[in-house]
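The values are calculated or read from the model by the stated rules, or taken from the named source; none is laboratory data. Bear in mind the structure is a predicted one, so any value in this text is a computation, not a measurement. Every residue, glycine among them, receives a Cβ derived from its backbone with ideal geometry; neighbour counts consider all protein chains shown.
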Amino acid sequence: MAKSKIAFVCTDCGSEHGQWQGQCVACKAWNTLSQINLGASTSPATKADFRKPGGYSGDVSDVQNLSDIDLEALPRFSTTIDELDRVLGGGLVPGSVVLIGGNPGAGKSTLLLQVMCLLAHSGKSALYVTGEESLQQVGMRAKRLQLPEDNLKMLAETNVETICKAAQTHKPSLLVVDSIQVMHSADVASAPGSVSQVRESAAYLIQYAKQTNTVLFLVGHVTKEGNLAGPKVLEHMIDCFIMLEGGSESKYRVLRGQKNRFGAVNELGVFGMTELGLKEVKNPSAIFLARTEEESAGSIVMVLWEGTRPLLVEIQALVDATQLGNPRRVTVGLDQNRLAMLLAVLHRHGGLYMADQDVFVNVVGGVKVTETSADLALLLAVVSSFRDQALPRELVVFGEVGLAGEIRPVPGGQERLREAAKHGFKRAIVPKANVPKNPIPGMKVIGISKISQALDAL
């Protein structure tokens, strides 16, 4: 019997070494190397191997011109859920690998169970592999959600070789593995959930999906910081990474695309958690605009650009005299450092001194704003609260603020204004470069170039 090859893998960064040593060369951590077997396992589960001679995705193909490649060979198909299709870039691609992460209780397993039951009911062959729950628990969830249960194949297994062997037998078009952190390979000696096990198990499943044109869904856990648990290389191996944001404290869940090789990045889908599972929200702007009847100081509406569509959200600010030596800068849904920078710009170019004031900023609805188009709305909300001056309800604002006090244009200005006009807004303060050439019916658009002009326009 041939001697099996071994390697030593760092449990922190995942780098490989030919021999054991005390310190990892890549990340400089001590005592983190663990031994793994690289040779063929003697396990009976691994003897029926799906892997073909050739490349990572199957047989080695001939060299072709780019113009001769047949794009219709692998057509997309819908998941039966429009919001999920939007985030995925238009549907599922055969042979693609989708990783979905999220906090515990966000609804990852519920969403995938809905998708698999509906696709299996429509005629697609589907296999759902659960490693965290028993088959009875999944069956009870499907019964509670009133899903069609007739054609969906189920398997409770954590060994990736056994899963691929079962998939070879049933040949599903869709395969769900819940979750990748509990999967293990017989060729790796470390415990399930370790860096080496997660990496090797994912690589084995991904290779199966690529060579058989199977759509693979992997469920991933997150750390306490909100990042995907496991090695960073896992995000590089997959084709699409989507994150399900939200928890038990909110009714709504936001599905955000972090990486997509087949569509737009940072696309957004909104769902509502109900007794019958996750339901699509067709008009998310209406949710985030559930404002009070009376006008209040510090509240303003802006238009975000999420993926391929505009989204209206409300920004609230509260400015109060500080009771401490150092004034507080608290943000929810926004970057705290950017708030501090904008307050300095406001003092230098707007003449408003807030070094003795606590500033609290909140984005309504649990939305996380990462783009710079919220700068102007944030400043005007702060000024409104500072002056105790209520802003008109029909006012919408967006624009980027530079350090010299200038107002810079943002992409998608026309679409943002049309979306605001659709929801009844009659007045807009925008960068001068974003003012439309043709006026929008029922809306007065004010173009500004400096922060002083924005303060005068209030």
> Just one of Val301, Val270 is crowded, with 20+ Cβ neighbours inside 10 Å, touching a residue at least 12 places away in the same chain (Cβ under 8 Å), of a type in the set (Val, Ile, Thr) and in contact with an Asp or Glu (Cβ under 6 Å, 6 or more places away or on another chain); which is it?
Replying inline: Val301
> Applying the selection to segment 382-440, what residues are among the polar types (S, T, N, Q), in a loop (DSSP other than H, G, I, E, B) and closer than 25 Å to Ala297 by Cβ?
Replying inline: Gln389
>> Suppose the filter is outside the structural domain of Phe8 (by TED's automatic domain parsing), in a loop (DSSP other than H, G, I, E, B) and in contact (Cβ under 8 Å) with a residue 60 or more places away in the chain; does Ser190 pass it?
In response: yes
> Of these, Arg416, Arg427, which one is closer than 23 Å to Leu339 by Cβ and either in contact (Cβ under 8 Å) with a residue 24 or more places away in the chain or among the aliphatic types (A, V, I, L, M) (or both)?
Replying inline: Arg416
> When you look at Thr331, is it assigned to a strand (DSSP E or B) and among the hydroxyl-bearing types (Ser, Thr, Tyr), yes or no?
Replying inline: yes
>> Among the residues that make up segment 301-321, is at least one of them in contact with a Pro (Cβ under 9 Å, 6 or more places away or on another chain) and assigned to a helix (DSSP H, G or I)?
In response: no
> Out of the residues in segment 273-292 that are closer than 30 Å to Pro392 by Cα and outside any loop (DSSP other than H, G, I, E, B), which is farthest from the chain's Cα centre (by Cα)?
Replying inline: Ala286
>> For segment 188-202, which positions are more than 17 Å from Glu132 (Cβ to Cβ) and in contact with a helix residue (DSSP H, G or I) (Cβ under 7 Å, 6 or more places away or on another chain)?
In response: Val188, Ser190, Arg199
> In segment 334-351, what residues are assigned to a helix (DSSP H, G or I) and without any contact (Cβ under 8 Å) to a residue 60 or more places away in the chain?
Replying inline: Gln336, Asn337, Arg338, Leu339, Ala340, Leu342, Leu343, Ala344, His347, Arg348
> Of all strands (runs of 3 or more DSSP E) completely enclosed by segment 65-159, which ones contain at least 3 residues that are assigned by TED's automatic domain parsing to the domain that holds Leu205, at negative phi and under 20 Å from the mean Cα position of the chain (by Cα)?
Replying inline: 97-102
> When the residues of segment 322-342 are filtered to those that are in contact with a helix residue (DSSP H, G or I) (Cβ under 8 Å, 6 or more places away or on another chain) and not hydrophobic (A, V, I, L, M, F, W, C), which remaining residue is nearest to Ile451 (Cα to Cα)?
Replying inline: Arg338
> Do we find that Glu280 is at pLDDT 90 or above, charged (D, E, K, R) and farther than 26 Å from Cys13 by Cα in this structure?
Replying inline: yes
> If you check Ser196 against the conditions, is it in a helix (DSSP H, G or I), under 18 Å from Ile100 (Cα atoms) and in the same structural domain as Leu113 (by TED's automatic domain parsing)?
Replying inline: no
> Across segment 230-260, what is the total count of residues that are surrounded by 23 or more Cβ atoms within 10 Å (Cβ to Cβ) and among the charged types (D, E, K, R)?
Replying inline: 1
> Picking from Val345, Val367, Val319, which residue would you name as being in contact with a helix residue (DSSP H, G or I) (Cβ under 6 Å, 6 or more places away or on another chain) and buried (at least 18 other Cβ atoms within 10 Å of the Cβ)?
Replying inline: Val319
>> Need the failing condition index for Ser125 against (1) within 26 Å of Leu234 (Cβ to Cβ); (2) touching a Pro at 6+ places or on another chain (Cβ under 6 Å), just the number.
In response: (1)
>> Please count how many residues of segment 370-384 are farther than 18 Å from Asn337 by Cβ and crowded, with 24+ Cβ neighbours inside 10 Å.
In response: 2
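Rundown of residues vs (1) in contact (Cβ under 8 Å) with a residue 12 or more places away in the chain; (2) touching a helix residue (DSSP H, G or I) at 6+ places or on another chain (Cβ under 9 Å), yes/no style:
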{"site": "Val219", "(1), (2)": "yes, yes"}
{"site": "Glu225", "(1), (2)": "no, no"}
{"site": "Val233", "(1), (2)": "yes, yes"}
{"site": "Glu245", "(1), (2)": "yes, no"}
{"site": "Gln258", "(1), (2)": "yes, yes"}
{"site": "Glu280", "(1), (2)": "yes, yes"}
{"site": "Ser285", "(1), (2)": "yes, yes"}
> Within segment 210-229, which residues are buried (at least 18 other Cβ atoms within 10 Å of the Cβ) and either over 21 Å from Leu244 (Cβ atoms) or not assigned by TED's automatic domain parsing to the domain that holds Gly247 (or both)?
Replying inline: Lys210, Gln211, Thr212, Thr214
